[in-house]
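Down below is the structure, laid out as C-alpha cells.
The values are calculated or read from the model by the stated rules, or taken from the named source; none is laboratory data. Note that this is a predicted model, so its numbers are computed, not measured. Here the Cβ positions follow ideal geometry from the backbone for every residue, glycine too, while neighbour counts run over all protein chains shown.
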Amino acid sequence: MTPNPHPAIRRARDFGIPFDGVPGPLNALTDVPGVHVGFSTLVEETPRLGRRLPVRTGVTAIVPHAGSAEPVPVFAGVHRFNGNGEMTGAHWIEDGGYFVGPVLITNTHSVGMVHHGAVRWMLDRYRDTFDGGEPLWLLPVVAETYDGLLNDINGQHVTLEHVFEALDGAASGPVAEGNVGGGTGMIAYGFKGGTGTASRRVDVGASSFTVGALVQANHGQRDWLTIAGRPVGRLLSQSDPVLAERGSIIVVLATDLPLAPHQLQKLARRGAIGIGRNGTVGGNSSGDIFLAFSTANPHPLRHRAGPVLSLEMINDEFLDPIYQAAVQSIEEAVVNAMVAARTTGGTPHDRYRIEAIDAAAVARLLARDLASG
C-alpha cells in the first residue's frame, strides 16, 4: 500500500477501501512533474454584517509548468458530460487544442472574479518576459460548482487576494483534500464533498508515465453512491433522505504522456466513466465538465513559434491503459474528497448540516460483502 504522504488527513486507502491500479508516490495530481496545486480557503461560521449565511468557499489553483519564467501552452481536451455548469476557455481548447496559464476552480458566482484575478496574476508574473510592453492575449481556464447550500454564495466573498493566494501558494508535494479551496462548501452523494485527488502510473513501451486527477466533487445523491463496486449509499443512513442532486463535478486530468489534442479530448471523455464508477447518472442539475492536459511537448507561445511545430504522440493503439488509469484516478479522487471532508453546517445560521461520510463504516460494509461472497 502506498504510504499516506499527508498523514494529518486520512484518505480512503488508509481505511482499507480498495482501488485498482498503481498510484504514484503521492497518489495526487502533483505526481505529474511540473504541476503545482494551491488553495485559498474561506471559512467564517458567523455571517457577515447584513448577510444570513456563513462563508464557506474558496479557490483551487492548478499550475502546469509551474517553474517556467514565461507562459507555456499545454495541449488539452475538454468534454461536457452534462452542461449545467461553466468552464471558461473551453471553446478555444476545442478549436486550438491547447490553453495557456493556470486552471482554477471556485463557486458558481465567483467565476468572474477568479477569471479577472487569474489574468491579473499572469500579467504581473510574466511582465518581465516580454520586451517593449508586448500585450498578452490571455484566456485562463476557470471552472465552478455550486456551494449555495452551505455557503453565502450570493455574497460573492471571493476576492482578488484569494485568487492570488491560491496561485502564489501553488506547490508540488501532497495535496490537501476535503473542505479546502473551491471544494470548501461542496456536497457529494448527500455527504460532505469537496476537493479530492489521486494518480496512477502507466507504462508505455519502456517508459513510465503518470496520469493524475483532481476533482471538485459536488454531485450525486445518497442512494446512487457506489464504492468499490458496492452500492454502499443504500446502506448508509441520511438525516435528509430527500436531499437530491443539486450540484456538479469538475474533473481535471493531468499527465506527462505525450498526447495530442484529439487524444486528450478522448481522455477527457473518460471522465464520465470515472465519475460513473461511484454511481452518478449525470443528473439534470449537474454540471459534469472534464479537462485533460499534457505537460509533454512544450512549445513557445504560438506567435513566437516558427511555422512548423514538432511533437511526439502515443500511438492510439496503446491508449487503453491510459484510459484505465484516468478512470481509476477519478474514481479514487471522488472517494478521497468525501473521506477527507469534515461535517459542515448545523449552526443556527444554517439551513443544512451535511455529515462527513463514515469511512470506517464503508470499509466494514465492503469487508462484510467480500467475506459473504
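Residue-wise test of (1) at pLDDT below 95; (2) surrounded by fewer than 18 Cβ atoms within 10 Å (Cβ to Cβ).
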{"position": "161", "(1), (2)": "no, yes"}
{"position": "178", "(1), (2)": "no, no"}
{"position": "182", "(1), (2)": "no, no"}
{"position": "186", "(1), (2)": "no, no"}
{"position": "205", "(1), (2)": "yes, yes"}
{"position": "216", "(1), (2)": "no, no"}
{"position": "230", "(1), (2)": "yes, yes"}
With (1) closer than 18 Å to residue 296 by Cβ; (2) touching a strand residue (DSSP E or B) at 6+ places or on another chain (Cβ under 7 Å) as the list, and residue 33 as the residue in question, which single condition is left unmet? (2)
Residue in region 57-87 that is farthest from residue 44 (Cα to Cα), counting only those that are buried (at least 21 other Cβ atoms within 10 Å of the Cβ) and hydroxyl-bearing (Ser, Thr, Tyr): 60
From the options 77, 112, residue that is assigned to a strand (DSSP E or B) and either charged (D, E, K, R) or over 23 Å from residue 343 (Cα atoms) (or both): 77
Verdict on residue 280 being among the β-branched types (Val, Ile, Thr), under 25 Å from residue 203 (Cβ atoms) and either buried (at least 18 other Cβ atoms within 10 Å of the Cβ) or within 13 Å of the chain's Cα centre (by Cα) (or both): no
Please go through region 259-292 and give me each residue that is in a strand (DSSP E or B) and closer than 13 Å to residue 211 by Cα, ordered by number. 291, 292
Condition set outside any strand (DSSP E or B) and in contact with a strand residue (DSSP E or B) (Cβ under 7 Å, 6 or more places away or on another chain), scope region 49-64, selection nearest to residue 251 (Cα to Cα): answer is 64
Every residue in region 164-185 that is among the polar types (S, T, N, Q) and part of a helix (DSSP H, G or I), please. none
Qualifying position, being within 24 Å of residue 178 (Cβ to Cβ), modelled with pLDDT of 95 or more, among the charged types (D, E, K, R) and touching a helix residue (DSSP H, G or I) at 6+ places or on another chain (Cβ under 9 Å), among 270, 222, 200, 234: 200
Which members of region 315-373 meet the condition of being out of contact with any helix residue (DSSP H, G or I) (no Cβ under 8 Å at 6 or more places or on another chain), more than 15 Å from residue 21 (Cβ to Cβ) and among the charged types (D, E, K, R)? 317, 342, 350, 351, 353, 355, 358, 364, 368, 369
I'm trying to understand the selection: among the residues of region 80-108, which are part of a strand (DSSP E or B) and of a type in the set (S, T, N, Q)? 82, 106, 107
Log entry, pairs with first residue in region 201-230 being under 14 Å from residue 362 (Cα atoms), second being small (Gly, Ala, Ser) and modelled with pLDDT of 95 or more, beta carbons closer than 6 Å, six or more apart or on different chains, reads 225/279; 226/279
Inspect all residues belonging to region 211-228 and state whether any of them is among the aromatic types (Phe, Trp, Tyr), farther than 16 Å from residue 41 by Cβ, outside any loop (DSSP other than H, G, I, E, B) and in contact with a strand residue (DSSP E or B) (Cβ under 7 Å, 6 or more places away or on another chain). no
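Confirm whether residue 138 is at pLDDT below 95, crowded, with 17+ Cβ neighbours inside 10 Å, touching a Gly at 6+ places or on another chain (Cβ under 8 Å) and farther than 23 Å from residue 288 by Cβ.
Against the criterion (at pLDDT below 95, crowded, with 17+ Cβ neighbours inside 10 Å, touching a Gly at 6+ places or on another chain (Cβ under 8 Å) and farther than 23 Å from residue 288 by Cβ), residue 138 qualifies.
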I'm trying to understand the selection: among the residues of region 141-153, which are surrounded by fewer than 24 Cβ atoms within 10 Å (Cβ to Cβ), part of a loop (DSSP other than H, G, I, E, B) and touching a helix residue (DSSP H, G or I) at 6+ places or on another chain (Cβ under 8 Å)? 146, 148
Pull up region 102-135, narrow it to residues that are modelled with pLDDT under 90 and farther than 21 Å from residue 92 by Cβ, then point me to the one that is surrounded by the fewest Cβ atoms within 10 Å (Cβ to Cβ). 132
